[in-house]
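Contents: one structure, followed by commentary.
The values are calculated or read from the model by the stated rules, or taken from the named source; none is laboratory data. In this text the structure is predicted, and so the values were computed from the model without any measurement. Cβ placement follows ideal geometry from the backbone for every residue including glycine, while neighbour counts extend to all protein chains displayed. What goes into the accessible areas is simple: the full protein's heavy atoms, side chains included, and nothing from ligands, DNA or RNA. Shrake-Rupley method; radii C 1.70, N 1.55, O 1.52, S 1.80 Å.
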Amino acid sequence: MNQDSYSNQLLVPPSQRDHYQGMLNAPVLLVEYGNYECSQCGELYRLIQVIQQHFTSVFPEENRICVVFRHFIENTLHPHAQKVAEAVEAAAAQGQFWQMHDLLFTHQHALGNGFLVEYADSLGLDISQFLKDISTQAHIGRINQNIESGYQSGVTATPALFINGIRYSDRWTVEQIMAAIVAVIH
C-alpha cells in the first residue's frame, strides 16, 4: 500500500473506548476528528445531525449509523480547544459527553471558562468535580490518544471525516456526504 492510500484510511478503529452514538457494528460508521473551536467542525456537526435524523426517520427500528467523535487539537489555530476538550471529557466522566458536545457546538462563539461552567451547571454536573478534572488535566491522556490516532491516520487539520474507515475529502454538503455513504454501503 502506498503512502497516499495509507493516509486515507482510519488506522485506529472505533472501539468501546470512543465516544459514539449508535452501535459500533452499524453499517455506516462516521468518525470525526474535530475540535469545538473550529467553525468548519461546527458546520460538520450540523451536517451530521441532519444525516443522523435522516437515518433515524428512514430506518426507525434499525441502528444503521454510528457517529464517533475524536478530539484533534491544533493549539496554534484554536487557543481554547485544549481547555474545551478537557471540559467535554470532564462532562463525559459524569455521563454527559454528548450533551456537553451538543452545547459546545451550539455555542461555539462562547467557549471561555465562565461559559464552560455555565454549561456544566445547566447539565446538572457536579461543578467542583468538573473544575477539578479540568484544573488537574485529569483526561489529558484520552485527548492525546485521540490526537495521536488522528496523526496515525494522516489527519493534519480539522475537520477530518472517515466513512467506514475511508477518509472523506469531497464537498462538505449533506448531499455529497450522503452520496459518499451510499457509495460505501453498496
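Figure legend. Inter-residue proximity from segment 101-123: first residues over 17 Å from Asp133 (Cβ atoms), second residues among the polar types (S, T, N, Q), beta-carbon distance below 8 Å, spacing 6+ or different chains. Indicated pairs: Gln108/Ser39. In the set Ala120, Ala87, Ala81, only one residue is open to solvent by less than 10 Å² (accessible area, probe 1.4 Å), more than 30 Å from Asn25 (Cβ to Cβ) and in contact with a Cys (Cβ under 8 Å, 6 or more places away or on another chain); that residue is Ala81.
Of all the residues in segment 131-165, those that are farther than 22 Å from Glu74 by Cα and not in a loop (DSSP other than H, G, I, E, B) number 3. Of all residue pairs spaced 6 or more apart or on separate chains, those with beta-carbon atoms under 6 Å, a first member in segment 145-169 that is under 15 Å from Cys38 (Cα atoms) and a second member that is open to solvent by 20 Å² or more (accessible area, probe 1.4 Å) are Pro159/Gln40. Filtered by the rule that a residue be buried (at least 19 other Cβ atoms within 10 Å of the Cβ), under 13 Å from the mean Cα position of the chain (by Cα) and more than 17 Å from Val184 (Cβ to Cβ), segment 45-78 gives Tyr45, Phe69, Arg70, His71, Phe72, Ile73. For segment 90-117, a tally of residues being closer than 20 Å to Tyr45 by Cβ, open to solvent by 20 Å² or more (accessible area, probe 1.4 Å) and part of a loop (DSSP other than H, G, I, E, B) returns 5. Here Asn164, Asn144 are screened, and the one residue that is open to solvent by 20 Å² or more (accessible area, probe 1.4 Å) and more than 20 Å from Gln82 (Cα to Cα) is Asn164.
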